[in-house]
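The values are calculated or read from the model by the stated rules, or taken from the named source; none is laboratory data. No experiment lies behind these values; they were computed from the predicted model shown. With ideal geometry, Cβ positions are generated from the backbone for all residues, glycine too; neighbour counts draw on all protein chains shown. Each accessible area value is taken on the protein alone, full model and side chains, heavy atoms only, with ligands, DNA and RNA left out. Shrake-Rupley method; radii C 1.70, N 1.55, O 1.52, S 1.80 Å.
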Amino acid sequence: MPTVFTKIINGEIPSYKVAEDENFIAFLDINPNAKGHTLCVPKVEVDKLFELDENTYLNLMQFSRKVALALEKAVSCKRVGVAVVGLEVPHVHVHLIPLNQMSDMDFSKKVSLSPDEFKTLTSKIKAAI
Ligand code: AMP
């Protein structure tokens, strides 16, 4: 059974995509901790970060860095926080979260965004890459 992220990668379900290359994709988290919360995902379906082969792991970090630098330009924040959790979706993903306060890293605290807000954020981040 493919993961929800494989379905996004295959275009079977929609996402607010901000970046993509041959091996990785980045899209907005649908239930964000903070405005601009973005997920960077390898296209290969592997459950845990440290199960990735070394090359894919390093390239995921390089891809995430590129997206994080764009995110910091596009969204007002003090810095971009990074987390890898995977308790909900068993497909490696790096959370990039624009931070203004410590509670923005709290995964039990969510913000609600309208489709228009998601679209505007997508355009701003894409333009900054
Ligand atoms: P975790 O696996 O605990 O690192 O969390 C998975 C994250 O994926 C959560 O922050 C969810 O809000 C997010 N998520 C789940 N389904 C989707 C989706 N269809 N599009 C975007 N983000 C999603």
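The table that follows gives values for the structure above.
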| quantity | calculated |
| --- | --- |
| Over region 4-121, equivalent-ellipsoid semi-axes from the Cα gyration tensor in Å | 21, 16, 14 |
| Helix-only mean residue ellipticity at 222 nm for the chain, each DSSP H run of n ≥ 4 adding -39500 (n - 2.57), per residue, nearest 500 | -10000 deg cm²/dmol |
| Residue of SER108, SER64, SER76 that the Gaussian network model of the chain assigns the largest fluctuation, springs spanning Cα pairs under 10 Å | SER108 |
| Modelled FRET efficiency - R0 35 Å, SER123 with LEU87, Cβ distances, 0.05 increments | 0.70 |
| Crossing angle, helix 54-74 versus the chain [Cα axis fit, 0-90 degrees, rounded to tens] | 10 |
| Charge dipole (debye, nearest 20) of region 1-77; +1 at Cβ of Lys and Arg, -1 at Cβ of Asp and Glu | 380 |
| Mean separation of Cα contacts under 8 Å (6+ apart) over length of the chain, as relative contact order % | 30 |
| Nitroxide proxy distance, nm - points 7 Å out along Cα→Cβ at ASP47 and GLU20 | 2.8 |
| Carbon/sulfur fraction of accessible area - the chain, other protein chains in place, 1.4 Å, % | 53 |
| The chain, accessible area per residue, ligands and nucleic acids excluded (1.4 Å, Å²) | 57 |
| Options LEU52, PRO90, MET102, ranked by Cα towards positive dipole end of the chain, top entry (Cβ charges) | MET102 |
| For ILE129, solvent-accessible area (1.4 Å; no DNA, RNA or ligand), Å² | 80 |
| Dipole in debye (nearest 20) - region 38-129, about Cα centre, beta carbon charges: Lys, Arg +1; Asp, Glu -1 | 500 |
